[in-house]
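FYI, it's all coordinate maths here, none of it is from the lab. All values reported here derive from a predicted model rather than from experimental measurement. Don't worry about glycine lacking a Cβ; one is built from the backbone with ideal geometry, like all the others, and counts go over all protein chains shown.
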Amino acid sequence: MSMPPFASVDDAGKLISPNASGAIRAGLEAPTPSVDEDSKKIALMLVDAQVDFVHEDGALSVPGAVGDAERTAQWIYRNAGKITHIFASLDSHIPLQIFFPTWWADDGGDHPDPYTPITVEEVEDGTWRPLYEVDWSLEYVHALKDQAKKDLMIWPFHVLLGTPGHALTPILYEAIAYHSAARSAQPTLEIKGTIAKTEYYSLLEPEVKVPEDPRGTLNQALMGRLLSFDAIYFAGQAKSHCVLETIGSIVERHGDDRQAMEKIYLLEDCTSSVKHPEIDFEALANEAYEDYAQKGMHIVNSSDALDRS
């Protein structure tokens, strides 16, 4: 199966109400076995496939993401009888967060533009002043530089809770609903990114830990659950950020365990990189993925046969 009658690739990238009831009815009628019969347990980890990232008019639109969503939906329908479980993350923000313009101002009271990097030196010399959590903000940019070797990036307002941009793109919501009904398998929807004073690219952990918040440390339970599957396919947005960092959280803890690394599959044609006017995020991501592949991760396309070995 490519696309069932209720779904259409023409709807990819359109902000429409997903036909959830049609998807569920079709799934219930599909001749697919229960997941309990799967001899090999296969998971899809769909990262941040949300309107603001996928749609061309989204607040932080990733070029190529509409096509990624089409291919991912087709992959789900084509392999619905083999996919045991679908995880989907939802990046979730509020108006005042450390990576938004509202958190920072210069001496004149002006806020930084989106895609402005904020360095340790600029915070120390007052070029950019935090308006909230002043001591923490200085500690934060130091921690980013020391731990992740990066500067704080200011992003456009995106995936704000309660806005249409936060929703899963409809074509993929339908595919998830179809799979859930067809396989009698409840999907797992994971919220991330609501802690105001840290970033949360990886689904599994924030960029800088916030130990006093139960959401602010490594989600060991979710990591263990992912690694309990025989294969984990990754798709979603963005290849250069949240997909990369989620896989990176696994690599950091299990990169020397080839058996664990060989469970990871990157659906390369179902994810795209953020475009920045100066930083080549695609090249940086590819360099990291090449390293992960050396450790055992598989880089595949959605047209490749599902590995059932």
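Summing Lys, Arg as +1 and Asp, Glu as -1, what charge do residues with Cβ under 14 Å from the Cβ of PHE100 carry, PHE100 excluded?
Spelling it out: positives minus negatives among the neighbours equals -4.
Given only helices, namely DSSP H runs of n ≥ 4 each adding -39500 (n - 2.57), what is the per-residue ellipticity at 222 nm of the chain, to the nearest 500 deg cm²/dmol?
Theoretical 222 nm ellipticity from helices: -9000 deg cm²/dmol.
Once you've got the GNM for the chain with C-alpha springs shorter than 10 Å, pick whichever of SER202, SER184, SER39 has the biggest mean-square fluctuation.
SER39
For region 13-54, what ratio Rg/Rh do Cα atoms give with a Kirkwood hydrodynamic radius?
Here Rg/Rh amounts to 1.08.
Can you give me the angle between helix 20-29 and the longest principal axis of the chain, using Cα atoms only, in degrees from 0 to 90, rounded to the nearest 10?
Between the helix axis and the principal axis of the chain, the angle is about 30 degrees.
Hey, can you grab everything whose amide H is under 5 Å from the amide H of THR116? Only 5+ residues off in sequence or another chain; H modelled, so Pro and N-termini drop out.
ILE154
Select from GLY126, GLY216, GLY255 the residue whose mean-square fluctuation is largest in a Gaussian network model of the chain (Cα-Cα springs shorter than 10 Å).
In this elastic network of the chain, the residue with the biggest mean-square fluctuation among GLY126, GLY216, GLY255 is GLY126.
Relative to the longest principal Cα axis of the chain, at what angle does helix 242-254 sit, 0 to 90 degrees, rounded to 10?
90
Work from the charge dipole of the chain (Cβ charges, +1 for Lys and Arg, -1 for Asp and Glu, about the Cα centre) and give the residue of ILE195, ALA231, ALA12 farthest towards its positive end.
After comparing all options, I get ALA231.
Among the lysines, which have Cα under 25 Å from the Cα of LYS197 when same-chain residues fewer than 8 positions away are ignored?
Result set, ordered by chain and number: LYS145, LYS149, LYS150, LYS209, LYS239, LYS275.
If you work out Rg/Rh (Cα atoms, Kirkwood Rh) from the coordinates, which of (1) 0.98; (2) 0.96; (3) 1.03 do you get?
Calculated Rg/Rh (Cα atoms, Kirkwood Rh): the matching label is (1).
From the phi of every residue in region 232-241, what ³J(HN,Hα) in whole Hz does the Karplus formula 6.51 cos²θ - 1.76 cosθ + 1.60 yield, where θ is phi - 60° and glycine or proline is x?
Taking θ as phi minus 60°, the curve returns 10, 9, 10, 8, x, 10, 9, 3, 8, 10 Hz for region 232-241.
Using the Cβ atoms and a cut-off under 12 Å, what net charge is assigned to the surroundings of ALA238, where Lys and Arg are +1 and Asp and Glu are -1?
Local charge sum for ALA238: -4.
So, counting K/R as plus one and D/E as minus one, what does the shell of residues with Cβ under 14 Å around CYS270 add up to?
Once all neighbours under 14 Å are counted, the net charge is -3.
For the chain, give the share of DSSP beta bridges that are antiparallel, in percent and rounded to the nearest 5; count only bridges with both residues there.
20
Connecting C-alpha atoms closer than 10 Å in a GNM of the chain, tell me which of ARG253, ARG215, ARG129 has the biggest fluctuation.
ARG253
Report, by chain and number, residues whose modeled amide H sits under 5 Å from the one on GLU190, excluding near sequence neighbours (fewer than 5 apart, same chain).
When sequence neighbours closer than 5 places are left aside, the close amide H contacts are ALA88, SER89, LEU90.
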